[in-house]
Amino acid sequence: MNALSEPPSPAETSWRILPQGDRCLIVSFGDRIDASVGRTCLAAAGKLREARLPGVTDVVPSFVAVAVHYRPDAQGTPTYAQLADRIGHLLAEGIRADATGGREVDIPVCYGGEHGPDLAEVARAAGLTPEGVIELHSQPRSMVFMLGFAPGHAYLGVHDEKLNIPRRPSPRTAVPVGAVAVANRQTVIYPNRLPGGWNIIGATPLTMFDPAREPAALLQPGDSVRFVPISPEEFTRIREAGR
């Protein structure tokens with residue numbers, strides 16, 4: 001299933017609510033990573049934020065679930081049972097997974113060479129040429145499912161089955177800022193110099209996370225991203241212009 005597939009209707013949506021420690025609960029919508037489940041998580045998170053439930057401190061969507069963090073008051077409310085009951089009633093009213101309101105964002109990427117040291121290896125694993133990997137990665141739009149691991153670190157997908165490439169057997173201790181990497185039909189974009197075991201096929205010259213910017217993260221969950229191939233010269237020009 002690609003990132004632009006149709007979301008399920010409210011009648012098709014089901015969930016489980018489970019405790020996660022003593023200050024968090026998880027609303028689980030499934031066990032598979034695809035766009036329909038991702039959109040449902042985003043829509044549910046939006047609905048719960050809008051409800052402004054007493055005691056709730058944060059609502060965090062992920063690939064298949066939504067984490068609801070809460071802090072009971074001096075009287076111990078809300079309890080897990082109280083909050084779970086209220087959330088269950090809210091979700092039973094319906095989840096508009098077709099109204100997540102993400103933006104369309106173009107991300108320039110310089111593929112291969114010094115910016116994409118794993119492109120040839122990914123091409124061999126996928127049974128494609130490097131040009132074929134670039135075409136497969138850049139032609140369809142990809143949905144931002146979540147931010148995690150580090151501030152502004154976006155997880156995107158779901159890509160063609162040919163890009164169902166495992167992570168590297170030995171992670172790198174330092175992945176360059178802006179690296180665009182793939183694994184398991186997904187893409188991540190490294191917002192800073194970080195350790196990582198994904199396969200680096202390119203890099204973007206854009207600043208993915210800037211604490212002085214509002215919002216600080218360039219990409220947000222629900223955004224639809226198109227990767228635009230650029231030359232090394234364009235990469236240098238864009239990066240220098242952004243400094």
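Of note:
- Distance (nanometres) between label positions extended 7 Å along Cα→Cβ at Glu135 and Glu234: 1.8
- Where only C-alpha atoms are counted, convex hull volume of the chain per residue in Å³: 135
- Length-normalised contact order for the stretch 126-243 - Cα pairs under 8 Å, 6+ apart - percent: 27
- Cα convex hull of the stretch 102-240 - mean projected area over all directions, nm²: 7.6
- Sorted peptide list for 229-240, 56-67, criterion being average Cβ within 10 angstrom, highest first: 56-67, 229-240
- Just checking the listed ones, Cys41, Cys110, Cys24: in the Gaussian network model of the chain with Cα springs under 10 Å, the one fluctuating most is Cys24.
- Taking Lys and Arg as +1 and Asp and Glu as -1, the other residues whose beta-carbon sits under 13 Å from that of Ala67 total +1.
- R0 of 30 Å, Cβ-Cβ distance Glu93-Arg71: FRET efficiency to nearest 0.05: 0.75
- Residue-averaged [θ]222 nm for the chain, counting only DSSP H segments that reach four residues, each worth -39500 (n - 2.57): -7000 deg cm²/dmol
Bear in mind that the values in this text are calculations on the coordinates, not laboratory data. These numbers were taken from a predicted model, which means no experiment stands behind them. Positions of Cβ are generated from backbone atoms using ideal geometry, with glycine treated the same way; all protein chains shown enter the neighbour counts.
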